[in-house]
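The values are calculated or read from the model by the stated rules, or taken from the named source; none is laboratory data. Predicted model only: the values in this text are computed from it and were never measured. With ideal geometry, Cβ positions are generated from the backbone for all residues, glycine too; neighbour counts draw on all protein chains shown. Ligands, DNA and RNA are stripped out before the accessible areas are found, and what is left, the full protein with its side chains, is counted by its heavy atoms. Shrake-Rupley method; radii C 1.70, N 1.55, O 1.52, S 1.80 Å.
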Amino acid sequence: MAILVEGMSQLQNAMVKQMSSDTSPKGPETVKPGAQLPQLPPLGEDSPIDYQDWLTQVEAIMADMSDTSRTWFTLVMKEVEAAYAAYLKASPMDRLTLRPTEPENLVSGAYQRVHARAATMLMAALPAEVKSELVATRRTSVISMLFRLAVLYQPAGEQERTLILRKLQTPGVATTAVEAITILRSWDRWFLRSRAIGVVPPDPYILVKGLSGVCERLLPTMREASFRTSMLRSRLMLDQNPTEENAKVLHQHLLSEMEQVVAASPVAKAKAGPQSTLASTAAPEVKGMNAEGSTPTSSDKGNSKGTRAERRAQQPCKFWFKTDQGCTRGARCGFSHSMEGITDKEKIGRCLACSGKGHSASSCPTKNVDPGGYCNDGVYGSIDFLIYDEINQANPVMVTLAGDE
């Protein structure tokens with residue numbers, strides 16, 4: 001037992017010694033190949049938050065370049081942030097000569113390969129105009145490049161401070177839920193940026209007004225979301241006594257509501273997706289070629305029903321202003337009852353509903369047709385349109401009855 005206890009004690013001492021010893025690499029780090037950085041957007045109005053988004057992606061890639069590259073990049077960013085903090089407090093003249101410190105252990109030695117690979121990756125990810133400036137001023141180390149990028153993209157001057165206040169006061173008006181999410185997320189980043197450079201945010205009344213304007217066109221169309229938002233405004237007294245914390249709560253509420261709307265949209269599409277997919281991938285129907293004189297099938301009749309009705313609606317009715325009785329179907333007639341070409345003289349004494357003589361449109365008998373019975377002229381009310389087409393398209397025939405009548 002004593003031997004076992006002594007062995008465990010030696011093992012514990014060895015582990016403590018290893019944990020307390022220097023864990024920095026003794027030789028050059030082995031760099032993993034194939035890593036690339038995302039392209040940094042060119043300078044523009046939204047450069048301060050564009051740089052923040054880009055730097056967030058860069059941190060994850062830099063941390064995976066080697067076994068200890070995360071520690072190296074953390075130390076690099078500390079130097080960059082310290083130099084940038086000094087830049088914000090320096091006078092305009094001092095800013096011209098301000099340079100960040102570059103510790104030797106972060107540039108050479110064990111991290112020499114890591115630094116060289118990171119500098120190459122950063123240079124390849126920069127816009128052409130920024131890259132040319134860094135090369136011309138010989139700022140090719142990682143710390144120097146990141147410090148210069150922070151100054152270019154986040155100058156913290158009068159122009160940026162004015163831009164931050166404008167983005168917080170009037171973030172914009174969204175017309176879709178996706179656009180509202182983009183504006184609200186951008187608003188939060190501008191708010192964090194104002195804290196970083198010491199800009200005092202606008203009055204809470206202005207913050208609440210700006211956030212409310214983002215969804216002012218969307219909430220009226222969303223009954224439940226509008227109700228929940230009204231309850232929140234009433235509970236937090238946003239219209240009477242708003243605070244900066246409550247404005248942040250409103251921001252999170254609106255963002256959550258819009259994300260819920262966007263998240264629900266693909267679900268509805270997914271439910272209708274299989275049916276629409278089946279309908280779109282269904283085999284096309286091909287009409288069979290009927291022999292001359294053969295009877296068309298019911299499916300052929302159904303497919304050509306709409307086309308036949310369109311053709312009939314363009315053809316003039318043969319009873320419209322052509323006979324004293326007029327068209328016995330009136331408004332139910334499938335043929336055209338156009339007034340084009342009919343003179344005022346021809347309209348005298350005729351009904352404008354059926355063109356018959358002896359009555360007016362208000363007392364037209366075609367209005368009293370029973371769909372299941374007979375019309376006033378003895379024609380069955382539910383006569384098939386196909387049969388009526390044949391009647392309407394037929395040519396008049398002279399018939400001699402008994403007694404030469």
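I'm trying to understand the selection: among the residues of segment 138-150, which are touching a Lys or Arg at 6+ places or on another chain (Cβ under 8 Å) and either open to solvent by 10 Å² or more (accessible area, probe 1.4 Å) or of a type outside the set (A, V, I, L, M, F, W, C) (or both)? The answer is R139, S144, R148. Scanning segment 54-74 for residues that are open to solvent by 50 Å² or more (accessible area, probe 1.4 Å), at pLDDT 90 or above and of a type outside the set (S, T, N, Q) gives E59, A60, R70.
Residue-wise test of (1) touching a strand residue (DSSP E or B) at 6+ places or on another chain (Cβ under 7 Å); (2) modelled with pLDDT of 80 or more; (3) open to solvent by 50 Å² or more (accessible area, probe 1.4 Å).
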position: F335; (1), (2), (3): yes, yes, no
position: G341; (1), (2), (3): no, no, yes
position: K345; (1), (2), (3): no, no, yes
position: K357; (1), (2), (3): yes, yes, yes
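Across segment 200-218, which residue is nearest to the chain's Cα centre (by Cα) among those that are surrounded by fewer than 17 Cβ atoms within 10 Å (Cβ to Cβ) and in a loop (DSSP other than H, G, I, E, B)? Applying the filter and picking the extreme gives R217. Within segment 325-345, the residues that satisfy the criterion of being in contact with a Ser or Thr (Cβ under 9 Å, 6 or more places away or on another chain) and of a type in the set (D, E, K, R) are R329, R332. Across segment 52-69, the number of residues qualifying as among the charged types (D, E, K, R), in a helix (DSSP H, G or I) and more than 17 Å from A124 (Cα to Cα) comes to 1. Look at segment 56-75: where a residue is free of Cβ contacts under 8 Å to residues at least 12 places away in the same chain and a partner is open to solvent by 70 Å² or more (accessible area, probe 1.4 Å), sitting 6+ places away or on another chain with Cβ atoms under 6 Å, you get A63/R70.
For segment 116-137, residues that are over 36 Å from the mean Cα position of the chain (by Cα) and crowded, with 17+ Cβ neighbours inside 10 Å total 3.
Just one of R195, R166, R185 is farther than 28 Å from T101 by Cβ, without any contact (Cβ under 8 Å) to a residue 12 or more places away in the chain and in a helix (DSSP H, G or I); which is it? Full working, then the answer.
Working: R195 fails: farther than 28 Å from T101 by Cβ; R185 fails: without any contact (Cβ under 8 Å) to a residue 12 or more places away in the chain.
Exactly one of R195, R166, R185 is farther than 28 Å from T101 by Cβ, without any contact (Cβ under 8 Å) to a residue 12 or more places away in the chain and in a helix (DSSP H, G or I), namely R166.
Filtering T366, T343, T328, T323 for residues that are touching a Lys or Arg at 6+ places or on another chain (Cβ under 7 Å) and at negative phi leaves a single hit, T366. S186 meets all of the listed conditions (1) over 24 Å from the mean Cα position of the chain (by Cα); (2) open to solvent by 20 Å² or more (accessible area, probe 1.4 Å); (3) among the small types (G, A, S) but one, namely (1).
Here are some residues: A14, A35, A86. Which one is modelled with pLDDT under 85, out of contact with any His (no Cβ under 7 Å at 6 or more places or on another chain) and in a helix (DSSP H, G or I)? Please lay out each step first, then the result.
Working: A35 fails: in a helix (DSSP H, G or I); A86 fails: modelled with pLDDT under 85.
Going through A14, A35, A86 in turn, just one is modelled with pLDDT under 85, out of contact with any His (no Cβ under 7 Å at 6 or more places or on another chain) and in a helix (DSSP H, G or I): A14.
For segment 75-115, a residue qualifies if it is open to solvent by 80 Å² or more (accessible area, probe 1.4 Å) and charged (D, E, K, R), and the qualifying residues are K78, E81, K89, D94, R99, E104, R113.
I164 passes every criterion in (1) of a type outside the set (K, R); (2) closer than 19 Å to E45 by Cβ; (3) surrounded by fewer than 18 Cβ atoms within 10 Å (Cβ to Cβ) apart from (3). Of all residues in segment 103-142, those that are over 26 Å from T30 (Cβ atoms), not in a loop (DSSP other than H, G, I, E, B) and not polar (S, T, N, Q) total 8.
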